[in-house]
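Below is one structure, written out as structure tokens; comments come after it.
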Amino acid sequence: MSARPAKDADVTQVVGHFINGVDVADNGRTLPVTNPATGQVTKHVAMASAKTVERAIAAAQDAFPAWRNTPPQRRAKVMFRFKQLLEERADDIVALLTSEHGKVLDDAMGEFSRGVEIVDYACGIAELLKGEHAKNVGPNIDSWSELHPLGVVAGITPFNFPAMVPMWMFPMAIACGNTFILKPSEKDPSAPMLVGHLLSEAGLPDGVFNIVNGDKEAVDTLLNDARVQAISFVGSTPIAEYIYATGTKNGKRIQALGGAKNHAIVMPDADIDNAVSALMGAAYGSCGERCMAISVAVCVGDNTADTIVAKLSEALQDLKVGNGADANNDMGPLVTQVHHDKVRGYVDLGVEEGADLVVDGRNLTVAGHEDGFFLGACLFDRVTPDMRIYQEEIFGPVLCVVRVESQEHAMQLINDHEYGNGTCIFTRDGEAARYFADNIQVGMVGINVPLPVPVALHSFGGWKRSLFGDLYAYGPDSVRFYTRRKTITQRWPSGGVREKAQFSFPSHS
Ligand code: NAD
């Protein structure tokens, strides 16, 4: 199917930027924003020029000294108020998410609430920044470590979690005393804009949080400006790698989270009905546009595979695909026509490669939404590791079933894959589960939990080419990422005692 141009209903609204506490228009380039369920252009979004980004950096730089010196308890007060406002405006934010991303309302609420959990965590910032103290490390010498904010930091985020992923970053960055510039995805910019306004309403001083909408020009300006100390990135692996290489070359601290191909192993002893329900949600929820989506089910034994494929095929008959704004639907459209065509192209490719397309969602139409970017759920059986549909991230409602003879073989496949974001095993055998958790080369592991997204108390990150950098997103790692340590050693010589110069290295003697 060729790409249909999105319909532009003469919209004039342009989402601009949010700099130094005010909305800033941009007279330069714009891109259309579509409602994926209808295919209609609903607004445009400004693409920041380098000058606009520099203006945001200057605002963040100016706001830093006062914010850095604001006591953490007071910063936490802003976070408490922000959380309250987020909860009051939850329905508005969720509606924006659905109208620009396409995901169903329940799923949008799930994303939103996982973001709010990080704001909760940031409310405890005074405790998290307490530092460490040691008395009498030498004669009359005390020593302590402090965690200092870095300065201006930036976040660059993907289309698939327009509210949650920015909230993985800025609540903790700001609570730690930094000032922040967010560059959201150009595909669904409205939810982050509303969230930015709520931060201001919560009492955040102007310039502490800024948003620039844009594309490569904006990102490259952030990467190359010496005033930006650190960048958190979440998106596809090629761009993550570019951000990491360029940012670190420019002396910045970088965490860059990339793509994924998450496997679930189904053991012969698994509770198969529950595994099927779990796979349905994990593979087709959010139309497969999740970095933790399960896109490969590795079935151990032909009996397991036959049962899983038969039960999934049956369950897929009842999957309701349609406008995410209709609460009866389970799965919405893909985000854009371009992405729709890319995912559909992978389904065509899988057929060419010889995989068995057991459920074919390519001809789905949604009555009344003929211009929407819908693709029905697809299920491939007998996928093999040499196929591109196995190797590459598809990021759509496509589940590949791979058949193997043993747990060892299933784990070898996962360990050999270039990505290592999430994985899961379905089993009733504790020993098999423990062996899996100990030996699998993946950052986030589920045992009968298909989407093991860590809660806010832990940090989020994958292994291998799913993450470039050493520190994960949110949780305890975010304090480490958004601060630098200073260790102070102090002694007050007693008055009147003259001390001799010492030329040996300081020791305890
Ligand atoms: P993307 O890489 O296309 O875009 C991410 C961000 O980078 C956007 O803000 C975009 O404007 C910017 N960008 C795009 N091209 C650029 C370029 N050439 N130079 C500089 N900046 C550029 O990703 P996407 O399509 O928005 O999101 C989907 C991808 O994100 C998937 O690969 C998914 O797995 C990944 N993702 C990963 C995680 C994770 O935690 N590992 C979470 C969510 C999404």
Some residue of the stretch 302-314 being under 14 Å from PRO397 (Cβ atoms), crowded, with 16+ Cβ neighbours inside 10 Å and either in the same structural domain as GLY361 (by TED's automatic domain parsing) or without any contact (Cβ under 8 Å) to a residue 12 or more places away in the chain (or both): yes
For GLU289: the one exception among (1) over 25 Å from GLY259 (Cα atoms); (2) within 16 Å of the ligand (Cβ to nearest atom); (3) among the acidic types (Asp, Glu): (1)
Answer residue from the stretch 81-105, given it is among the β-branched types (Val, Ile, Thr) and part of a helix (DSSP H, G or I) and is surrounded by the fewest Cβ atoms within 10 Å (Cβ to Cβ) among those: VAL94
Could you please find all residues in the stretch 115-128 being surrounded by 19 or more Cβ atoms within 10 Å (Cβ to Cβ) and either at pLDDT below 95 or in contact with a Pro (Cβ under 6 Å, 6 or more places away or on another chain) (or both)? ILE118, VAL119, ALA122, ILE125
Tell me which of these SER295 doesn't satisfy, since it passes every other one: (1) in a helix (DSSP H, G or I); (2) within 14 Å of the ligand (Cβ to nearest atom). (1)
Testing VAL445 on (1) within 16 Å of the ligand (Cβ to nearest atom); (2) surrounded by fewer than 19 Cβ atoms within 10 Å (Cβ to Cβ); (3) outside any strand (DSSP E or B), one condition comes back false. Which one is that? (3)
Can you tell me which of (1) away from the ligand (no atom under 16 Å from the Cβ); (2) in contact with a Ser or Thr (Cβ under 9 Å, 6 or more places away or on another chain); (3) not β-branched (Val, Ile, Thr) is the one LEU279 doesn't meet? (2)
Mind checking which residues of the stretch 129-173 are farther than 19 Å from PHE481 by Cβ and crowded, with 24+ Cβ neighbours inside 10 Å? ASN160, PRO162, ALA163
Has the stretch 106-114 got any residue that is without any contact (Cβ under 8 Å) to a residue 40 or more places away in the chain, of a type in the set (S, T, N, Q) and either in a helix (DSSP H, G or I) or crowded, with 24+ Cβ neighbours inside 10 Å (or both)? yes
Checked the stretch 200-216 for anything crowded, with 24+ Cβ neighbours inside 10 Å and either part of a helix (DSSP H, G or I) or not assigned by TED's automatic domain parsing to the domain that holds CYS123 (or both); matches are none
Taking the options ASP416, ASP438, ASP429, name whichever one is touching a residue at least 60 places away in the same chain (Cβ under 8 Å), surrounded by fewer than 16 Cβ atoms within 10 Å (Cβ to Cβ) and more than 16 Å from the ligand (Cβ to nearest atom). ASP429
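The values are calculated or read from the model by the stated rules, or taken from the named source; none is laboratory data. Since this is a predicted model, take the numbers as computed values, not measurements. Don't worry about glycine lacking a Cβ; one is built from the backbone with ideal geometry, like all the others, and counts go over all protein chains shown.
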